[in-house]
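Worksheet for the structure shown next.
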Amino acid sequence: MPRPLPIHLTTTLRCIPNHALFSDYIEPLSPTISTHDVLSSLSPSLIATNPDFDLYRRVRASGPSALTPADLNPDINTPIGKPNNPGWKLDKWKFLPLLDEALLLKPDAKWYVFMEADTYILWDNLLVWLKRFDPREAVYLGNQMQIVDAIFAHGGSGFILSKPAVVRAVEHRKRSSDGWERAVGEHWAGDCMLGILLEDVGIELTWAWPMMQIAPPGEMDYFSLGYERRPWCYPAVSFHHLDEGGIKQLHTMERERKEKGKNKGPLLYRDVFLDLMRPELRDIRTDWDNLVEGEAVPVSSFAACRGVCSREALCLQYAYNETASECRTSKVLALGQARPGVGLSAGWMTERIDAMAESLGECGEINWI
């Protein structure tokens, strides 16, 4: 069971009555809540013979005690995912049967919202956003990704389907379930295969970036343009790659804004930046990686690294590697995360950052997709 999952029961899902928890293993989480095995409807021959299901077969037979240290290998994320992580290889198989299971459990739903255990959904914003669409039409919303010529919604960012979209996809897959299983087996990304299935029935993705994000709040760029859009004045709908602490932090921010009467309109990325990210930006943070990837410049100290950044008119942050005596700078802002023991220190040009935030304004007009 992914570690962030239990925290959702008291935060993200606490006020959502119609939800189901899908996994590769049936496991009780409380006296009234249990996970559903989303893979059990796949063909028995596939489950019995495909090496991707080795982990699934062992755990289904012997429970979580069958897990080994090798099964928990975090692996390095590559352009084709995590090929040496058994759980990751199994993960791609969930996406297509997920639609069948969701439709079976809640056949009268207008919308189906799918999120991972390390994803956070801002439900108030999502519900307001969905009112802008017609649930009687086939709608597919998500953070756009591309593999070769396939456009699809990134699974980790969350994705949303209207009932007609789910029904059309489920019926189409049933016509050749063996063929779709072969296709998934030959691919490495299950969310991409879902996009291909939906494209096969004429349902195009509505590109949802920046409202749905692939990163946590501390790793996204609030200032820059992407796909000709700047996140600043868009409502925040989802964040990804969150641990339990990150989920709690977002939940606390939403709750405190309501208590202070600040929830008169959608919570924007501007609000997330000012409430969560800006207070964490300092002149220096030791043992910290602020995700700077610029060209390394030899320097003798952290102060010298700051000097390099200050002489670059558009530099917003910098990182000093004490071990290598190197400085890297960036025009793109990110908070990053603690990295003890690697000799990294991070700094930000807070006056420039505040000037940038002020120049973007207070969002008198909200941007929607």
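Among the residues of the stretch 52-85, write down those that are open to solvent by 90 Å² or more (accessible area, probe 1.4 Å) and at pLDDT 80 or above.
60, 65
Looking for something charged (D, E, K, R) and either open to solvent by less than 70 Å² (accessible area, probe 1.4 Å) or not in a loop (DSSP other than H, G, I, E, B) (or both) - is there at least one such residue anywhere in the stretch 25-42? Reasoning before the result, please.
Our first condition is that a residue be charged (D, E, K, R); within the stretch 25-42, this holds for 27, 37.
After this cut, where a residue has to be either open to solvent by less than 70 Å² (accessible area, probe 1.4 Å) or not in a loop (DSSP other than H, G, I, E, B) (or both) as well, the list is 27, 37.
Checking the stretch 25-42: at least one residue is charged (D, E, K, R) and either open to solvent by less than 70 Å² (accessible area, probe 1.4 Å) or not in a loop (DSSP other than H, G, I, E, B) (or both).
State all residues of the stretch 240-261 that are open to solvent by 80 Å² or more (accessible area, probe 1.4 Å), in a helix (DSSP H, G or I) and within 11 Å of residue 218 (Cβ to Cβ); if no residue qualifies, say none.
249 - this is the single residue of the stretch 240-261 that is open to solvent by 80 Å² or more (accessible area, probe 1.4 Å), in a helix (DSSP H, G or I) and within 11 Å of residue 218 (Cβ to Cβ).
Suppose we filter 91, 52 for residues that are farther than 26 Å from residue 238 by Cα and touching a helix residue (DSSP H, G or I) at 6+ places or on another chain (Cβ under 8 Å); which single one remains? Step through it out loud before you land on a result.
Working: 91 fails: farther than 26 Å from residue 238 by Cα.
The unique qualifying residue is 52.
Yes/no per residue for (1) under 17 Å from the mean Cα position of the chain (by Cα); (2) closer than 18 Å to residue 157 by Cβ; (3) part of a loop (DSSP other than H, G, I, E, B); (4) in contact (Cβ under 8 Å) with a residue 60 or more places away in the chain:
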site: 192; (1), (2), (3), (4): yes, yes, no, no
site: 198; (1), (2), (3), (4): no, yes, no, no
site: 204; (1), (2), (3), (4): no, yes, yes, yes
site: 209; (1), (2), (3), (4): yes, yes, yes, yes
site: 221; (1), (2), (3), (4): yes, yes, yes, yes
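Which one is farthest from the chain's Cα centre (by Cα), of the residues in the stretch 308-353 that are open to solvent by 40 Å² or more (accessible area, probe 1.4 Å) and in contact (Cβ under 8 Å) with a residue 60 or more places away in the chain?
332
Please work out if residue 340 is in a loop (DSSP other than H, G, I, E, B) and either out of contact with any Ser or Thr (no Cβ under 8 Å at 6 or more places or on another chain) or more than 30 Å from residue 227 (Cα to Cα) (or both). Step through it out loud before you land on a result.
On the way: in a loop (DSSP other than H, G, I, E, B): yes; either out of contact with any Ser or Thr (no Cβ under 8 Å at 6 or more places or on another chain) or more than 30 Å from residue 227 (Cα to Cα) (or both): yes.
In short, yes.
Being open to solvent by 10 Å² or more (accessible area, probe 1.4 Å) and touching a Cys at 6+ places or on another chain (Cβ under 9 Å) is the filter here, so list the residues in the stretch 203-233 that pass it.
Correct list: 233 only.
The values are calculated or read from the model by the stated rules, or taken from the named source; none is laboratory data. Since this is a predicted model, take the numbers as computed values, not measurements. With ideal geometry, Cβ positions are generated from the backbone for all residues, glycine too; neighbour counts draw on all protein chains shown. Ligands, DNA and RNA are stripped out before the accessible areas are found, and what is left, the full protein with its side chains, is counted by its heavy atoms. Shrake-Rupley method; radii C 1.70, N 1.55, O 1.52, S 1.80 Å.
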